[in-house]
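*Asks:* Pasting a structure here, questions to come.
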Amino acid sequence: MRLFSGKITPLSEEIVRALSENRDIECESRKEVERDLESVFSQYVAAEREVMEKAKGLLESRGMPPSEMGRVRRLCADQKGIKIGDDMLDYLLDQCIEMLMHSSNVDEVYVEDHDLRRRMRPVLKKYLEVDEALDTEVRNQLKHVKEGSRTWEVEYRRIMSDIQRRKGLV
């Protein structure tokens, strides 16, 4: 699962629309609440990038194999105070709920936290699963290359960035 910076605005709009239309929250300006959510998601994307850069640096400086990236990335994320991987969805939901409760742009929250989660989870999950669909698309284009080879890794990154750019994800 991954959150793309190009999808932050539509994700925020869809969450606010879902919460407002179901009268879970009341606000004078949806746009302001959307901007609040965008800031939550943008901060997460920035923190995730920092974690990735730090993990790459640690792998390189310590001469560790690339297979250790996941473990090192998780340790860096823990130090940064964020969650990645499977825990990311719940972490982001917690951050969104916290923002809704403390934002001066939200006049009233009419439902319990678990109801907010239930309303936001499918929307957020839809946007986070874009990464899995992209991975499948890239792998389908790389069937002729042996996975795990240096060529495969280079081509994977190239094709992934082409598709992300074409779909407006970055």
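*Asks:* As a test of the definition: which semi-axes, in Å, follow for the chain when you take the square root of five times each eigenvalue of its alpha carbon gyration tensor? Largest first, please.
*Replies:* Working through the eigenvalues yields semi-axes of 34, 19, 13 Å.
*Asks:* Taking a temperature of 4 °C and a viscosity of 1.567 mPa s, what whole-number D in µm²/s does Stokes-Einstein yield for segment 129-170 with Rh from Kirkwood over alpha carbon pairs?
*Replies:* Details: Rh = 10.5 Å.
Translational D for this selection: 124 µm²/s.
*Asks:* Please go through segment 1-49 and write out the trypsin sites (Lys or Arg not before Pro) that DSSP classes as loop and that have at most 15 other C-beta atoms within 10 Å. Kindly include the intermediate steps, with their values, before the conclusion.
*Replies:* Numbers: sites: ARG2, LYS7, ARG17, ARG23, ARG30, LYS31, ARG35, ARG49; in loops: ARG2, ARG23.
For trypsin sites (Lys or Arg not before Pro) across segment 1-49 that sit outside H, G, I, E and B with at most 15 neighbouring Cβ atoms in 10 Å, the list reads ARG23.
*Asks:* How much length is gained if the chain between ASN140 and GLN79 is pulled fully straight, taking 0.36 nm per residue apart and subtracting their Cα-Cα distance, in nm to one decimal? All intermediate terms of the calculation are to be shown ahead of the outcome.
*Replies:* Values: separation 61, 0.36 × 61 = 21.96 nm, distance 3.59 nm.
Net length gain for the segment: 18.4 nm.
*Asks:* Using only Cα atoms and rounding to the nearest 10 degrees, what angle (0 to 90) does helix 88-102 make with the longest principal axis of the chain?
*Replies:* Result, in degrees: 30.
*Asks:* I want to verify a result. In a Gaussian network model of the chain, Cα cutoff 10 Å, which of these has the top mean-square fluctuation: MET99, MET64, MET88?
*Replies:* Its mean-square fluctuation being the largest, the pick is MET64.
*Asks:* Another question, then. Among SER42, SER104, SER61, which one shows the biggest mean-square fluctuation in a GNM of the chain, springs joining Cα atoms closer than 10 Å?
*Replies:* SER61
*Asks:* Follow-up. On a 19 Å Cα-Cα criterion, which of the cross-link pairs LYS56/LYS80; LYS54/LYS125; LYS7/LYS126; LYS143/LYS167; LYS7/LYS56 come out too long?
*Replies:* Values: LYS56/LYS80 15 Å; LYS54/LYS125 26 Å; LYS7/LYS126 11 Å; LYS143/LYS167 22 Å; LYS7/LYS56 25 Å.
Where the Cα-Cα span goes over 19 Å, the pairs concerned are LYS54/LYS125; LYS143/LYS167; LYS7/LYS56.
*Asks:* Test of the criteria: in segment 103-170, which trypsin sites (Lys or Arg not before Pro) are in a DSSP loop and have at most 15 other Cβ atoms within 10 angstrom of their Cβ?
*Replies:* Details: sites: ARG117, ARG118, ARG119, LYS125, LYS126, ARG139, LYS143, LYS146, ARG150, ARG157, ARG158, ARG165, ARG166, LYS167; in loops: LYS143, LYS146, LYS167.
The qualifying sites are LYS143, LYS146, LYS167.
*Asks:* Out of segment 1-45, which GluC sites (Glu not before Pro) are coil in DSSP terms and have no more than 10 other C-beta atoms within 10 Å?
*Replies:* Values: sites: GLU13, GLU14, GLU21, GLU26, GLU28, GLU32, GLU34, GLU38; in loops: GLU28.
Loop-located and lightly packed - GLU28.
*Asks:* Quick check: the angle from helix 130-141's long axis to the longest principal axis of the chain, C-alpha only, nearest 10 degrees?
*Replies:* Between the helix axis and the principal axis of the chain, the angle is about 30 degrees.
Just so you know, all these numbers are worked out from the coordinates, no wet-lab data involved. Model, not experiment: these values are computed from the prediction. So basically every Cβ, Gly included, is an ideal-geometry build from the backbone, and we count neighbours across all protein chains shown.
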